Structure formats: structure tokens, C-alpha cells
1. Looking at A:VAL43, is it within 20 Å of the chain's Cα centre (by Cα) and among the hydrophobic types (A, V, I, L, M, F, W, C)?
2. Do we find that A:ALA261 is in contact with a Phe, Trp or Tyr (Cβ under 6 Å, 6 or more places away or on another chain) and assigned to a helix (DSSP H, G or I) in this structure?
3. Identify the residue in the range A:70-89 that is surrounded by 22 or more Cβ atoms within 10 Å (Cβ to Cβ) and closer than 18 Å to B:GLY128 by Cα and, among all such residues, is nearest to the other protein chains (Cβ to nearest Cβ).
4. Looking at the range B:95-108 only, could you name the residues that are touching a residue at least 12 places away in the same chain (Cβ under 8 Å) and not in a loop (DSSP other than H, G, I, E, B)?
5. Just need a number here: residues in the range A:199-235 that are buried (at least 19 other Cβ atoms within 10 Å of the Cβ) and assigned to a helix (DSSP H, G or I).
6. Out of B:GLU81, B:GLU55, B:GLU25, report the one residue that is acidic (Asp, Glu), within 12 Å of chain A (Cβ to nearest Cβ) and part of a helix (DSSP H, G or I).
7. Could you list, in sequence order, the residues of the range A:238-252 that are buried (at least 16 other Cβ atoms within 10 Å of the Cβ) and charged (D, E, K, R)?
8. Scan the range B:114-142 residue by residue and report those that are out of contact with any Pro (no Cβ under 7 Å at 6 or more places or on another chain), more than 12 Å from chain A (Cβ to nearest Cβ) and within 17 Å of B:VAL165 (Cβ to Cβ).
Amino acid sequence: MTKTVTTVLESLNEGLRTAMRKDPNVILLGEDILDPYGGAFKVTKGCSTEFPERVFTTPISEAAMLGIANGLAMSGKRPVVEIMFGDFITLAMDQILNHASKFHWMYNESVDVPLVVRTPMGGRRGYGPTHSQSLEKHFLGIPGLTVIAPNSVIDAGDLLGTAILESTGPILFVEHKLLYTSSIAKIGQGDWVDFSLEVDGAKYPTATLGFSGVTKHHCTIATYGYNLELAKKAAVELAYNDEIFCEIIVLSQLSPFDLAAIEASLKKTKKLVTIEEAGLTLGWGSEVIAQACEGQPDLLVKRVAAIDLPIGNSKALEDVILPSEQKIVQSIREMLKLN
Amino acid sequence: MMSSHIELYRTMYLIRRFEEQALAEFSTGKLVGTTHAYIGQEANAVGVISNLKSEDVVWSNHRCHGHFLAYGGEPAALAAELMGKSTGIVGGRGGSQHIHWKNFFSNGIQGGIVPNAAGMALSSKIDGRGSISAVFIGDGTLGQGVVYETMNIAALWQLPILFVVENNHFAQTTPVEMAIAGSIVGRFEGFGINATELFTSDVLEILPVAEQVIGKIRSTGCPAAIILNTHRFMAHSKGDDTRDKEMVKKLRQKYDPLQIHGLRLDTADKEPCEAEVNQLIDAAFFHANSADLPSLNGRPA
């Protein structure tokens, strides 16, 4: 590496290019991904210059793009598809749900579909109702589909490289837009000065972030992706203002998922708050809490998520609709009856 | 590789007898769910697929039994799949519409198979393998947007793919006049894809045209289409035929591919051929019926 990687975007770009260098079967498909533009969020920048024969810019045809990627994946290639905005993934839903995710099982395990669909999700950029959503909740629990979300504490480029080079089935790789410009966490420094980090040995690891030197954590926060940044700020505020110490569990693999790290933390805290950016009802947090309560029925639980509305364009509306550091702090204070 | 008259007849008769037996098994309760009989369209599958090589790919749809049998698939494995048995093509997981064997694939979503076939054609092109993809769709499938997205990309990227449209003039109960504006050929030509249209159920007319079109795809690497105007003599699936019975009877008298091609054969060749196929079909359904049911292999509920 000639350049120091400091943001999640740079890490993803490096991970993608490294995967292309390692395996000539890696093929990119997407809209506007050719250099000099290099994709709407620049994750594919440089790829078409280095591998012109393996980068295919497509018409605005998400369904065909995914369908072609399925055919490539079933015939020896490792396609990586970029959906320009996560909101547009509904146009490819049929190919993901009724084709890519089903083929392996439905054909009696006689085929593999090693496919990665990368897409930016999330709001807070003022893009309005059809360019700001976190639609991954609709893809969780689909048999045969793995959903991965990078974050700032686990190497995002490595995560993407693993997904591209080692997958045997379709993977939806969800990149929050604000994560692109987020700095890669330096645990014990800067924003992360108070924290310690433990990472499990999973292929797509789960990280546990606790306050260094604190022997008793009071509450478990479970989250993924960019919302870790909000959780961190909320945890710091609660630690300094309320002397409430939260342990944060951040999952990279959302579906199917392993509850072990959350369960381990809950044995100590007995209190669980989930944070996600999608709408509250019937979401990721609901499932995490349901599974946690099936194992430990004596938990106090709380979901923090968006209000069940389209995401307004105005910043004032976005702020009200989406979860925030203050909403997390407030929810935890309410749960612990600190108000 | 041209097949002999009797070989062509045998494959069409095999498809016919398989479908008749499958429909009959519903009344005995051995088959449940649904099926989409290919009766009347046999010459299409045989005429096109006889021209493909083992490394070529075939993508088929809900009405896939004829394509599968013309591809060389085992009738016993197909019968077992329809009966939901562990000895089925995909172990009873897919059933009538969702099968995979060698380079043959089918799926039950209208149009979704078209880009899958294009993706495999792209893979072949990237690797310089020289193999092609053939994808079978019906007139009803032409309502799906992804078909046109794929036509556009196949033409832009010059993919070696053959689009076969079997226009049987009815999408379930909807006549083609209520579903397709303009012409089918025009839809392909709009993307610069060469399309050849036939109005016949004579396998000897379909076979050489398919040979020529497929040969051109192989030599140029460009996509092409064959539109086969055809007629199904049975319901879309089961009990959903709203067509005039007299009209269907007349279609059958005029367009039955087995009648048309059968006239070319000597009785001395035809009768033992039919007897052999009848036995094969009886054995296929008998063995399928006595096979084990699948399980989830001890996976917890």
C-alpha cells in the first residue's frame, strides 16, 4: 500500500482492488463505475483503469444487472455488483430473493452463487425519501442470503475482500453513506480513548467495545454499521454524565446472525438496547431482542430506531425521524429510570 | 448434428407421453401441486435443442418438461421430482418448475431466467469458451421489463445468447392480442437483435432454421431470436382452460407435431418406437412412485 488508509471508503476501495488482483474471476458490474468518475461514492475508483476488461458499466437496469451477475456466479465467476443507492435495490429484489438466494438449496445444492451486492444505505445527507433509506431490514432472514454491514472498528476492506473471495452464496454488503467518510477507529485514541475492543474469531467478526478499566458495565447496546458512531457518543455521554457504562456489541454479519457476544454481555448487564436506522416496527432490533429474551427472559429491553415514516428531505425532518445520540441517551436513561 | 426422422419422433413422443401420464397421475392423487403440460409444442423443444452442444446452456421456464426431456434428461428423475421424491432431479426440492441437471436450468418466475442466461453467455464470452446460452420464454413473459433490460445489454455487449419465444397465443387465459402491442419480431429488432419468425409445428421446418440461427450466434458471438408460433392443446396448468373447445380441437387437428412428423415414418419403425417409449414412461412413473420421500436429514425444526 503506497497511501495510508484513513477512512472506511479508502479501506473498501483497497479491499475491492486487492480482491481483483488476487482473483481474475472477480468481475464488477454497476452504473457509472468507470473511471474517471469511479462510481457515485467512489468505492470502485481505479478499478476500471487497472482491470478494464473486468469492469462492466451497465445501463440503468438493476434487475438485469443482478440477473447477469447470478449467471456469472453460477458459471465460475465472482461478480461484485454495485447498486448506486441502496433504495434502488428493490428493482433487483426478485433476482436476489427468487433467484440468487434460492438456487443453491432449490437445486439440491448442485450449484453455488458466489455473488456480492454492495450498496450504500442510510440517511443524514438530505437526499430525501428515495435516496436515504436503510432497506436491509427487508433482506434479513431470507434463506440463502447473507447480509454484511461494515463498521469503523473492523477492517472494512478485509471484510469486503473476504466476502468477494470466499463467499459460496449471495451476500448483500450494506455500506452506510456516512461510514465512507468516517475515520477508521483507533481504539484507545481520539474518540475511542476510553474504549477497549474485543473481536471474536468469526469470518465476519462481531466486536465488543467496553470502557477500559471498568469492571461493571450496566447496559448492553447492540448495533451495526454507522450507528456504532452514535452509540459510541451516547455511551461516552452516559459514562461521563450519569456514570452508566454501556458495553457496545457491533455485528458485521446481520443475517443469519450469532447472538453469542450479545448473550455474553447480557449475562452481566441484563439490559439491552438495540440501535438501527430503519423504521422501528418489525425490524432488526425486534429480532435481536426476541432471540435474547428467549434465552434470558429477565431482561430489560429497548429498541431505538427511526420513526415509521418515509425519510423527509428537510434536515429538520430527517433529524426528527432518524435515531440520534440524544434519543439513545434518553432511551437508556428511561430504561434505567434515571430521569 | 441432424437427428434421424425416427429419433426426432421418439423425443417428441416421449414428451407427449410423459405429459399425458403426468396429467393422468393427478387424478390418481400421486401428483399434487401443479404442472404445465407441453402437449402441442413438442417440435419447438426438439427442433431447437437438437442443435445444441453439451457445453451450451439451456434456461427454461414453468413449462419446462419438454425442454428437459429434449435436452436428454431422465424421465424417471423428472417423474420423481414431480412426485416430490428423493430420487427426483433435485431431490424433491424444486418440483415441476425448478430443476437443474448438467447445463439445464429452470425457474418459475416469469422473465427472471433471461438475465441468468445472459450472465452465463457473458461468462462464456469472457473465457472464450465458444458455448452459447439458449433461453426459452413464452408470449406472456414478454410483459416483463427485465426481458427488455437483458435484450438491451445482450445487444450492447454482443452476448452469445439465443432467445426462443414460444408464442402459444395464450398467457394462461389472456390472449396474445390483449397482452402484446406491436410485433414480437419488432421488439427484438428494436434492440438490433436479429429475429426469425416461424409459423409451423413441423419439426423439420424448425430444426434447420434453428441450426442456421445457432450457427450464426456461434460464428458472430451476437445474440439472436427465434419466434415460434405454436399451440398448446391442454390447459395452461390444470383446469384453467377458458378457450373454446372446438377451436382447440381444430388446432390439434391442424398443428399436432406428432401427426405431422409421424406421417413420414413407416409403421414398422413407428410402432416399436412408441412401444419402447410407452414402456419407458410406465417404468419411470412406477419407479418414481415407489421411491423414498425426501427429508431434511435430521435438521432441527
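The values are calculated or read from the model by the stated rules, or taken from the named source; none is laboratory data. Model, not experiment: these values are computed from the prediction. Positions of Cβ are backbone-derived with ideal geometry, glycine not excepted, and every protein chain shown enters the neighbour counts.
1. Values: within 20 Å of the chain's Cα centre (by Cα): yes; among the hydrophobic types (A, V, I, L, M, F, W, C): yes.
Yes; evaluated as a whole, the condition is true for this residue.
2. On the way: in contact with a Phe, Trp or Tyr (Cβ under 6 Å, 6 or more places away or on another chain): no; assigned to a helix (DSSP H, G or I): yes.
No: the conditions fail for A:ALA261.
3. Our first condition is that a residue be surrounded by 22 or more Cβ atoms within 10 Å (Cβ to Cβ); within the range A:70-89, this holds for A:70-75, A:77-83, A:86, A:89.
Applying the additional criterion that residues be closer than 18 Å to B:GLY128 by Cα yields A:71-75, A:77-79.
Working: A:GLY71: 2, A:LEU72: 4, A:ALA73: 8, A:MET74: 7, A:SER75: 4, A:LYS77: 5, A:ARG78: 11, A:PRO79: 8 Å.
That would be A:GLY71.
4. In the first step, residues of the range B:95-108 are kept if they are touching a residue at least 12 places away in the same chain (Cβ under 8 Å); the result is B:95-97, B:99, B:101-108.
B:GLY95, B:SER96, B:GLN97, B:TRP101, B:PHE104, B:PHE105, B:SER106 - these are the residues of the range B:95-108 that are touching a residue at least 12 places away in the same chain (Cβ under 8 Å) and not in a loop (DSSP other than H, G, I, E, B).
5. Residues that pass the stated criteria total 8.
6. On the way: B:GLU55 fails: part of a helix (DSSP H, G or I); B:GLU25 fails: within 12 Å of chain A (Cβ to nearest Cβ).
That would be B:GLU81, the only listed residue that is acidic (Asp, Glu), within 12 Å of chain A (Cβ to nearest Cβ) and part of a helix (DSSP H, G or I).
7. Pass one, the range A:238-252, residues buried (at least 16 other Cβ atoms within 10 Å of the Cβ): A:238-239, A:244-252.
Scanning the range A:238-252 gives a single hit, A:GLU247.
8. Scanning the range B:114-142 gives B:ALA134, B:PHE136, B:ILE137, B:GLY138, B:ASP139, B:GLY140, B:THR141, B:LEU142.
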